[in-house]
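The values are calculated or read from the model by the stated rules, or taken from the named source; none is laboratory data. Here the structure is a predicted model, which means the values were calculated and not measured. All Cβ positions, even for glycine, are placed from backbone atoms using ideal geometry, and neighbour counts span all protein chains on display.
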Amino acid sequence: MSGIAVALLLAMAGITLAHPRPGRRSGVVSGAGEEPVPTVGAARQSRWFLDAADPSRSAARGAVDLHELPLFVHQLAGLLRAGRPPHVLWADMERVHADGRTAFAATALPVMATARRAAELGLSVPDALRQARDAGPGPSGGDRTSARVDRLWIDLAGCLIVAERSGAPLAGILEQYAAQLDAQLDGLAARETALAGPRATVVLLAWLPALGVVLAFTLGVNPLEVLLGSLPGRLALAGGVLFMVVARLWSRRLVGRVDGAP
């Protein structure tokens with residue numbers, strides 16, 4: 001009976017640890033430190049417009065959806081293409097996101113308000129974007145999401161500076177920048193898809209020895225008598241546990257380096 005109890009406990013522990021953690025999804029982060037898989041083409045743009053039409057979809061996720069970053073830049077370019085002058089651009093965007101129901105809107109509103117005041121006073125909007133980015137509230141969703149949102153304001157300031165100094169149309173510059181953001185999200189999605197197999201393999205190989213012990217109990221063999229009843233068995237058990245931990249850490253390190261994690 002004791003062998004069956006140990007087997008059941010090991011099986012429960014293996015199932016619990018091998019089960020995916022809550023909030024972990026493939027793709028770019030939208031949850032607590034994780035990123036949802038962005039779709040491509042028309043499906044991705046459909047999701048953007050659904051989130052814009054119903055902000056509660058994004059707010060329900062409780063974190064910044066990275067798809068809102070290129071959507072924001074597309075909105076800026078669209079207003080310029082529609083004939084809105086640059087000095088009222090930020091006031092228009094502030095009205096568009098005035099409800100603040102999405103996580104990105106709540107983060108971006110203080111920055112947009114600062115840029116609007118700078119434009120109304122005739123001050124440098126790029127400098128206002130940089131300063132507001134440093135003083136504004138950080139977005140939820142982990143360091144990666146926060147860094148990407150901060151990078152958005154820096155890049156927008158750079159787009160404004162390039163348009164002012166070169167005389168190039170700001171709408172065209174913003175559209176190219178939005179296309180670059182789209183490509184980055186597609187690359188993140190492809191990388192997460194490619195890493196799904198190695199991550200599953202790491203989990204399987206890590207718990208394969210424990211499953212072997214459980215299988216031995218189901219076949220009527222008590223491996224604990226061998227592993228704990230003699231010095232060679234205890235040495236084998238210690239070595240196996242050591243190698244299993246080292247393999248688990250090394251595999252996680254390899255996957256983490258490919259994934260870009262620290």
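Can you pull out the residues in segment 79-107 that are under 13 Å from residue 174 (Cβ atoms), touching a residue at least 12 places away in the same chain (Cβ under 8 Å) and surrounded by fewer than 17 Cβ atoms within 10 Å (Cβ to Cβ)?
Correct list: 81, 86.
Out of all the residues in segment 87-109, which are over 18 Å from residue 71 (Cβ atoms) and in contact with a helix residue (DSSP H, G or I) (Cβ under 6 Å, 6 or more places away or on another chain)?
Passing the criteria: 87, 91.
Quick one: residue 109 ticks every box in (1) on the phi > 0 side of the Ramachandran plot; (2) touching an Asp or Glu at 6+ places or on another chain (Cβ under 8 Å) except a single one, so which number is it?
The single condition residue 109 does not satisfy is (1).
What is the residue count in segment 248-262 for residues that are more than 19 Å from the chain's Cα centre (by Cα) and either at pLDDT below 70 or among the basic types (Lys, Arg) (or both)?
The qualifying residues number 1.
Working carefully through the options 56, 30, find the one that is modelled with pLDDT under 90 and surrounded by fewer than 19 Cβ atoms within 10 Å (Cβ to Cβ).
Of the residues listed, the single one that is modelled with pLDDT under 90 and surrounded by fewer than 19 Cβ atoms within 10 Å (Cβ to Cβ) is 56.
For residue 224, are the conditions met, namely being assigned to a helix (DSSP H, G or I) and either without any contact (Cβ under 8 Å) to a residue 12 or more places away in the chain or under 30 Å from residue 195 (Cα atoms) (or both)?
Judged against the criteria, residue 224 is not a match.
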